[in-house]
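Visitor: Sending over a structure as structure tokens; questions will come in a sec.
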Amino acid sequence: MFDFESSFHIKLDGLVDTHIHTAPDVRERLLNDLELASAALREGMEAVVIKSHVESTAGRARLASEATGMRVLGGVTLNDSVGGLNPDAVRAAARMGGRFVWLPTVSAGNVTGDLHEIMGIIGEHDMVLGTGHLKPDEIFHVLDIAAEYRIRKVIVNHPLTGVVGASLEEQKEMSGRAYLEHCLVACMPRHDGLDFRRITEAVRYVGPERCILATDFGQRHNPSPMDGLKQFIHLMRMEGFRDEDIIRMCRDNPLELIS
């Protein structure tokens with residue numbers, strides 16, 4: 001299904017990728033922060049979001065933005081390496097300009113700590129809450145707490161992957177309080193190997209107005225995030241999605257979160 005050369009002509013002007021992994025990292029990455037920012041700038045993208053499983057990217061994003069002129073956003077993932085559900089880590093990321101707080105990914109299954117204090121900080125700084133690799137029952141619990149703190153910017157990260165495993169009905173229910181972020185990496189052979197039609201089925205079931213398309217690329221064995229986003233757009237077109245729906249998911253919905 002994947003033919004990345006077929007999508008090289010696609011333009012990324014004004015688009016946003018909310019999920020990219022860059023170097024430095026404990027894993028091999030294709031691009032560092034500055035290389036990604038420069039490449040995204042050349043493509044005319046509006047913004048990119050850099051994520052790490054092990055450290056805050058808030059300061060790194062700020063430096064990449066200042067060095068290149070590209071809008072680069074970062075945040076903190078609340079894994080064990082930053083103290084888990086650590087309010088101090090969230091507060092520090094916010095003070096450094098971080099826009100995202102992701103709940104545990106590689107440390108999922110160890111969701112212990114003061115979610116209420118963390119939600120208070122997220123709400124105070126109008127940050128974006130990502131649900132990380134939590135399971136659906138945990139996600140619904142988080143959505144309930146987020147509602148108490150009037151947090152209006154929430155992303156359910158790659159709901160179709162094995163680590164999350166949300167059903168279509170669960171995604172539809174989640175979409176009332178969050179955007180569903182579908183990532184192309186889930187379909188790649190060295191990852192979940194998900195049938196791409198599972199994504200298109202989910203988007204149609206929930207509706208493009210509540211979905212976001214991202215890559216979750218940055219691995220050395222995958223194409224670049226920019227080529228990944230182009231391929232994602234190409235495949236969505238091949239599956240019959242209108243350009244206005246794709247723009248909604250690749251530009252308008254992400255910008256609603258990061259504005």
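Readers should treat all values here as calculations from the given coordinates under stated rules, not as data from a laboratory. The structure displayed is predicted, hence computed values, not measured ones. No Cβ is skipped: glycine too gets one built from the backbone with ideal geometry, and neighbour counts run over all protein chains shown.
Visitor: Work out from phi, with θ = phi - 60° and the Karplus expression 6.51 cos²θ - 1.76 cosθ + 1.60, the ³J(HN,Hα) of each residue of region 159-175, listed in order in whole Hz, and give x for Gly and Pro.
Guide: Result, rounded to whole Hz: x, 8, 5, x, 6, 10, x, 7, 6, 4, 5, 5, 4, 4, 5, 4, 5.
Visitor: Related question: Report Rg(Cα)/(2.2 N^0.38 Å) for the chain, keeping two decimals.
Guide: 0.92
Visitor: Over the chain, what is the mean sequence separation of C-alpha contacts under 8 Å (at least six apart), divided by residue count, expressed as relative contact order in percent?
Guide: Values: 521 pairs, mean separation 50.0, N = 259.
This gives 19 percent for the chain.
Visitor: Could you give each residue of region 12-20 its phi-based ³J(HN,Hα) in whole Hz, using Karplus coefficients 6.51, -1.76, 1.60 with θ = phi - 60°, and x for Gly or Pro?
Guide: 10, 3, x, 8, 10, 10, 8, 7, 9
Visitor: Using the C-alpha gyration tensor of region 176-259, what are the square roots of 5 times its eigenvalues, in whole angstrom, with the largest one first?
Guide: Values: eigenvalues 79, 43, 31 Å².
Taking √(5λ) for each eigenvalue gives 20, 15, 12 Å, largest first.
Visitor: Normalise the Cα radius of gyration of region 70-119 by 2.2 N^0.38 Å (N = residues in it) and let me know the number. List each step's numbers first, then the result.
Guide: Values: Rg = 10.8 Å, N = 50, 2.2 N^0.38 = 9.7 Å.
Dividing the Cα radius of gyration by 2.2 N^0.38 Å gives 1.11.
Visitor: Have a look at the DSSP beta bridges in the chain and tell me what percent are antiparallel, nearest 5.
Guide: Details: 1 of 25 bridges.
Here the share of antiparallel DSSP bridges comes out near 5 percent.
Visitor: Please turn the phi angles of region 53-68 into ³J(HN,Hα) values with the Karplus equation 6.51 cos²θ - 1.76 cosθ + 1.60 (θ = phi - 60°), one per residue in order, whole Hz, x for glycine and proline.
Guide: 7, 10, 8, 5, 9, 4, x, 4, 5, 4, 5, 5, 5, 5, 6, 10
Visitor: Over all alpha-carbon pairs in region 48-146, figure out the percentage whose distance exceeds 16 Å. Mind dumping the intermediate values first?
Guide: Values: 2471 of 4851 pairs.
Taking all Cα-Cα pairs of region 48-146, the fraction more than 16 Å apart is 51 percent.
Visitor: Still on this structure, I have one more. Search the structure for amide H atoms under 5 Å from the amide H of F217, placed 1.01 Å from N in the peptide plane, and list their residues when 5 or more places away or on another chain.
Guide: Placed amide hydrogens put H21 under 5 Å from F217.
Visitor: Show me 28-38, 127-137, 184-194 ranked by packing, highest mean number of other Cβ atoms within 10 Å first. Walk me through the numbers before you get to the answer.
Guide: On the way: 28-38: 19.7, 127-137: 22.7, 184-194: 17.9.
Ranked from most to least packed, the peptides come out as 127-137, 28-38, 184-194.
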